[in-house]
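Visitor: Sharing a structure with you now.
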Amino acid sequence: MSVLLFIKKGKFENFSFVSSIQNQDLKSKLLVNPVPSFSFDHSCIEIRLENSLPREELVGLRAAVSSDRIDVLQIENHLNPKEPNLFCFDMDSTVIQEEVIDELARKHGVYEQVASVTKQAMDGGMGFEEALRKRVILLNGLSRKSFGEVYELLHLNPGMDILFQELPKFQTKISILSGGFTPVLDLFAKKYPVSFYRANHLEEKEGVFTGEILGEIIGKEKKAEYLNLYSNEQNITKQQIVAVGDGANDGLMLQSASIGIGFHAKQGLKDQILNWIDFSDMSVLLFLFRPAA
């Protein structure tokens, strides 16, 4: 048994997209014109299937309806809004629109050098930890106040403001596990309802960063480890955990959750997961909760 969610910004004006679907069982259920639910400028049609769609078929289904800018998610069960649950997010390009290290590099006048290392890493020329250390050392001499100045320039991704407003109503704990830096998350967690976060600690002397990282690096293994650690501490079952990210480094974290979702995700993450959102904003994650009777 599984639930398919067809999600679209605005309303489903018609069901013409159904003609492009090959699965006859699914097509017949959509042709009865189910009534969409509507929330925060998005519509959602739910279809229950006896058997989950194989990944290859689900990817094909997304491609078939993509011209109508429809996102498709497949979940085993909805979240129970009456039980504690956990939403765990990556930070850069997921919760916020920017990549913080790029903004810091611009401020410090080393953006081109940082971007060059980033490209090497994305092309497979080096691992995450090596690339992070090489980029951070370029920030040597950056003042602590620069982090506050960069923080003021950051923007939430569309729909995140709604999630921060609505999720606390559902007994939700919000966690951010970031490969970025604690000075930014320290400020962020003071403004938004983030109950747990981890990021990289930078060495600082007399208010200036040395370009070194202190302690563990928050890479893909640590993200998954902290998700499991925090959910266990809060006695939250796996069935009540959602994880959201955009890059390959988020793969293990998303796989550790009952519902792992790529948000406007890079292909390196899509290759590791079942579900992703290409068109909608973050507010559609509210459709993951069991509808009110």
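Visitor: I'd like the full set of residues that are β-branched (Val, Ile, Thr) and part of a strand (DSSP E or B), limited to the stretch 90-101.
Guide: We begin by selecting, within the stretch 90-101, every residue β-branched (Val, Ile, Thr); these are 94-96, 100-101.
Hit for the stretch 90-101 is ILE96, nothing else.
Visitor: Tell me, which helices (runs of 4 or more DSSP H) wholly within the stretch 158-241 include 2 or more residues that are of a type in the set (S, T, N, Q) and under 28 Å from ASN77 (Cα atoms)? Can you show your working first?
Guide: Numbers: elements: 160-166, 182-191, 220-233.
The helices (runs of 4 or more DSSP H) meeting that bar are 220-233.
Visitor: Could you figure out which of (1) under 28 Å from GLY141 (Cβ atoms); (2) in a loop (DSSP other than H, G, I, E, B); (3) not charged (D, E, K, R) isn't true of VAL35?
Guide: Tallying (1) under 28 Å from GLY141 (Cβ atoms); (2) in a loop (DSSP other than H, G, I, E, B); (3) not charged (D, E, K, R), VAL35 fails exactly one: (1).
Visitor: Moving on. What is the number of the single condition among (1) farther than 23 Å from LEU252 by Cα; (2) crowded, with 20+ Cβ neighbours inside 10 Å that LYS173 does not meet?
Guide: (1)
Visitor: Follow-up question, since we're still on this one. Can we say VAL244 is part of a strand (DSSP E or B) and either aliphatic (A, V, I, L, M) or free of Cβ contacts under 8 Å to residues at least 60 places away in the same chain (or both)? Write out each step before concluding.
Guide: Details: part of a strand (DSSP E or B): yes; either aliphatic (A, V, I, L, M) or free of Cβ contacts under 8 Å to residues at least 60 places away in the same chain (or both): yes.
So VAL244 fits the description; yes.
Visitor: Looking at the stretch 47-67 only, could you name the residues that are among the charged types (D, E, K, R) and either at pLDDT 95 or above or within 19 Å of the chain's Cα centre (by Cα) (or both)?
Guide: Keep residues of the stretch 47-67 that are among the charged types (D, E, K, R), which gives 48, 50, 55-57, 62.
Matches in the stretch 47-67: ARG55, GLU56, GLU57, ARG62.
Visitor: Contact list please: Cβ distance under 6 Å, first residue in the stretch 276-289 and in contact (Cβ under 8 Å) with a residue 12 or more places away in the chain, second residue polar (S, T, N, Q), pairs at least six apart or on different chains.
Guide: MET282/ASN157; LEU286/SER39
Visitor: With the condition kept exactly as written, say whether any residue in the stretch 71-89 is crowded, with 22+ Cβ neighbours inside 10 Å, in a loop (DSSP other than H, G, I, E, B) and of a type outside the set (A, V, I, L, M, F, W, C).
Guide: no
The values are calculated or read from the model by the stated rules, or taken from the named source; none is laboratory data. Source: prediction; values computed, not measured. Please note: Cβ atoms are built from the backbone with ideal geometry, for glycine as well, and neighbour counts cover all protein chains shown.
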